[in-house]
Each structure stands twice: as C-alpha cells, then as structure tokens.
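Scroll down for the structure; my scribbles are underneath it.
The values are calculated or read from the model by the stated rules, or taken from the named source; none is laboratory data. Quick caveat, the model's predicted, so the values are computed rather than measured. FYI the Cβ positions are ideal-geometry reconstructions off the backbone, even for glycines, and counts take in every protein chain you see. Remember, those area values only see protein heavy atoms, side chains included, never the ligands or the DNA or RNA. Shrake-Rupley method; radii C 1.70, N 1.55, O 1.52, S 1.80 Å.
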Amino acid sequence: MNPLSLGSSLDLSGVNMLIMLVLAHWLADYPLQTDRIAVEKCPGCDKVLNWRWWLTAHAGTHGFFVGWITGVPLLGLAEWGLHTLIDWGKCQRHYGVATDQGLHIACKLLWVLLVTSAGGPGLQ
C-alpha cells in the first residue's frame, strides 16, 4: 500500500505545509523580489523609495504567503516581523546569505510546529 495515498494512517499535513512554505519562500525571495528591492531594502542603499518601504513590502509578501498557507493570519504577521528583522540583520552585515536563508527556513519550521501542535489551522 502506498503510504502517501488517501486513507493512509501516515499524516503528512505538517510535511506538506512545510514544503509549501519553503516553496513560497523561494518564490517570494527570488522571482518576486526584484533587483531593486533586493538592493534598496537596505539602509543607505535606497534611491527611489526609503529603504523602510522596500523592506516592509518584501517582508509583507512573505507574511502574506505564511498566513495564506497556514490559515493563520497571526503567523503571517509574525513572519512579516521576523523576516524584516532577519533581512535587516543581513543588510547590516551581521551574517551572510546562508545564515539569512537558514533563519528564514527555521521560521517556516516554527510555524509548522505551532500549527501542528495546536491541532491545525487557526491555532485552536
């Protein structure tokens, strides 16, 4: 019997949610983040808009995806805030892109753990 088939006793909802969160992360961090956003979201590198607008909008895109995929808008707000802080730290050269991406993926793991340990969407 295929353990991934419907009716299986194997619950992959957390794994599936994590996969979707990570895929959405790559979408929002690369194709949806223009070169201008990637540069101008850092303090001192802004030319067109104040860096705060770029960083807020970029992190908000991530927050939207997290809220949508998890079904918990509060987790979307948490993602928005943490993504802002993580990217700001990278802009300040406290760490490089590998640590930045690792921290972002760790956030996705945290959201899945919170949703699955609380019994599902809505954090009942």
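Yes/no matrix, rows are residues, columns are (1) touching a residue at least 24 places away in the same chain (Cβ under 8 Å); (2) among the small types (Gly, Ala, Ser); (3) open to solvent by 40 Å² or more (accessible area, probe 1.4 Å); (4) out of contact with any Gly (no Cβ under 8 Å at 6 or more places or on another chain):
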position	(1), (2), (3), (4)
HIS58	yes, no, no, yes
GLY63	no, yes, no, no
GLY67	no, yes, no, no
THR70	yes, no, no, no
LEU77	no, no, yes, no
HIS83	yes, no, no, no
GLY89	no, yes, no, yes
ARG93	no, no, yes, yes
ALA98	no, yes, yes, yes
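Among the residues of segment 24-37 satisfying the criterion of being open to solvent by 20 Å² or more (accessible area, probe 1.4 Å) and in contact (Cβ under 8 Å) with a residue 12 or more places away in the chain, which is farthest from GLU79 (Cα to Cα)?
Step one: list which residues in segment 24-37 are open to solvent by 20 Å² or more (accessible area, probe 1.4 Å), which gives 26-27, 30-37.
Now narrow it down to the ones that are in contact (Cβ under 8 Å) with a residue 12 or more places away in the chain: 27, 32-33, 36-37.
Details: LEU27: 15, LEU32: 17, GLN33: 16, ARG36: 22, ILE37: 18 Å.
This residue is ARG36.
Within segment 41-56, restricting attention to residues that are more than 17 Å from GLY89 (Cβ to Cβ) and not hydrophobic (A, V, I, L, M, F, W, C), which residue is surrounded by the fewest Cβ atoms within 10 Å (Cβ to Cβ)? Lay out the reasoning, then the answer.
From segment 41-56, those more than 17 Å from GLY89 (Cβ to Cβ) are 46-50, 53; that's our starting set.
So of that shortlist, the ones also not hydrophobic (A, V, I, L, M, F, W, C) come out as 46-47, 50.
Numbers: ASP46: 17, LYS47: 8, ASN50: 11.
The extreme case among them is LYS47.
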